[in-house]
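Asker: Take a look at this one; I'll ask things after.
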């Protein structure tokens, strides 16, 4: 079935990340029906409802389950059109689960951060510290290698999206944590620092999923990886960093991107947007 999944996804014109997510979801589905000894040829709407209940017990959201149902329906149509199954399986007769209202978003402050930090798996503690206190993107964290760490000078070398390199001064506490981690995994200079449970490079999706799972457990808004970077950015503005320095720390290619990004994080009650524009005018004179 792996070949059929790959062929189906290639015809969906998906972004690389979405392609990987859909592939994982379909593989999880196949693992389920194999365990239950359900022949896909005889798959019914009742079988899908059973799978719905399985996903709900795993704390997947109603939105996730509804989206998966739509994707699986397209997959079944693909199998039928390719004559890989003889019966047209139509999941549209299964009602969507009701929309659930998300918890109210509250800006992530240090209290919220440490609430999440104290409840997540140890594997993810250091990555979210780098996102919250230094504004690293999760992909930048996942791509860190031993050779990027200068333990003598307490610096991390980061290659940004625009291929520009920036060096961050890192606190002694975090550097000590990095030293312990690298000593424990005994990796070479070119090896990734942050690894999955299978000792492969840590992936954004696994970090994001774990954070959301912890947020559901804590009954708070479901924050994602990028929310830690948002919190870092807001703190820069509140601490009166100028826009040039904010642009440098966030790794934006131009000032306009930084201005739009910062404006999107604030309401008029949070900050005087005219003040942000004034920063730009003064710096660019």
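The values are calculated or read from the model by the stated rules, or taken from the named source; none is laboratory data. Just so it is clear, the model here is predicted, and its values are computed rather than measured. All Cβ positions, even for glycine, are placed from backbone atoms using ideal geometry, and neighbour counts span all protein chains on display.
Asker: Is at least one residue of the range 10-21 assigned to a loop (DSSP other than H, G, I, E, B), within 26 Å of residue 221 (Cα to Cα) and in contact with a helix residue (DSSP H, G or I) (Cβ under 9 Å, 6 or more places away or on another chain)?
Answerer: no
Here's the yes/no breakdown for (1) under 30 Å from residue 230 (Cα atoms); (2) in contact with a strand residue (DSSP E or B) (Cβ under 9 Å, 6 or more places away or on another chain); (3) assigned to a helix (DSSP H, G or I):
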residue	(1), (2), (3)
28	no, no, yes
46	no, no, yes
71	no, no, yes
76	no, no, yes
83	no, no, no
87	no, no, no
96	no, no, no
114	yes, no, yes
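Asker: Being farther than 18 Å from residue 249 by Cα, modelled with pLDDT of 95 or more and part of a helix (DSSP H, G or I) narrows it down to one residue among 126, 181; which is it?
Answerer: None of the other options fit; the residue is 126.
Asker: Which of the residues belonging to the range 31-55 are under 31 Å from the mean Cα position of the chain (by Cα), exposed (fewer than 15 other Cβ atoms within 10 Å of the Cβ) and touching a residue at least 40 places away in the same chain (Cβ under 8 Å)?
Answerer: The one that is under 31 Å from the mean Cα position of the chain (by Cα), exposed (fewer than 15 other Cβ atoms within 10 Å of the Cβ) and touching a residue at least 40 places away in the same chain (Cβ under 8 Å): 49.
Asker: For the structure I just gave you, tell me whether residue 119 is touching a helix residue (DSSP H, G or I) at 6+ places or on another chain (Cβ under 7 Å), in a loop (DSSP other than H, G, I, E, B) and touching a residue at least 24 places away in the same chain (Cβ under 8 Å).
Answerer: Here the answer is yes, as residue 119 does meet what is asked.
Asker: Still on this structure, I have one more. Between a residue in the range 177-194 that is on the phi < 0 side of the Ramachandran plot and assigned by TED's automatic domain parsing to the domain that holds residue 138 and any residue that is modelled with pLDDT under 75 and assigned to a helix (DSSP H, G or I), which pairs come within a Cβ distance under 8 Å, given they are 6 or more apart or on different chains?
Answerer: 191/185; 193/185
Asker: Scan the range 235-245 and tell me whether some residue there is within 18 Å of the chain's Cα centre (by Cα) and not in a helix (DSSP H, G or I).
Answerer: No, there is no match, as no residue in the range 235-245 is within 18 Å of the chain's Cα centre (by Cα) and not in a helix (DSSP H, G or I).
Asker: Quick check: anything in the range 122-137 under 22 Å from residue 223 (Cβ atoms), in contact (Cβ under 8 Å) with a residue 24 or more places away in the chain and surrounded by fewer than 13 Cβ atoms within 10 Å (Cβ to Cβ)?
Answerer: Checked against the condition, which is being under 22 Å from residue 223 (Cβ atoms), in contact (Cβ under 8 Å) with a residue 24 or more places away in the chain and surrounded by fewer than 13 Cβ atoms within 10 Å (Cβ to Cβ), the range 122-137 yields no hits at all.
Asker: I would also like to ask the following. With the requirement that a residue be surrounded by 12 or more Cβ atoms within 10 Å (Cβ to Cβ), more than 21 Å from residue 200 (Cα to Cα) and touching a strand residue (DSSP E or B) at 6+ places or on another chain (Cβ under 8 Å), what does the range 157-174 give you?
Answerer: Answer for the range 157-174, where residues must be surrounded by 12 or more Cβ atoms within 10 Å (Cβ to Cβ), more than 21 Å from residue 200 (Cα to Cα) and touching a strand residue (DSSP E or B) at 6+ places or on another chain (Cβ under 8 Å): 157, 160, 166, 167, 168, 170.
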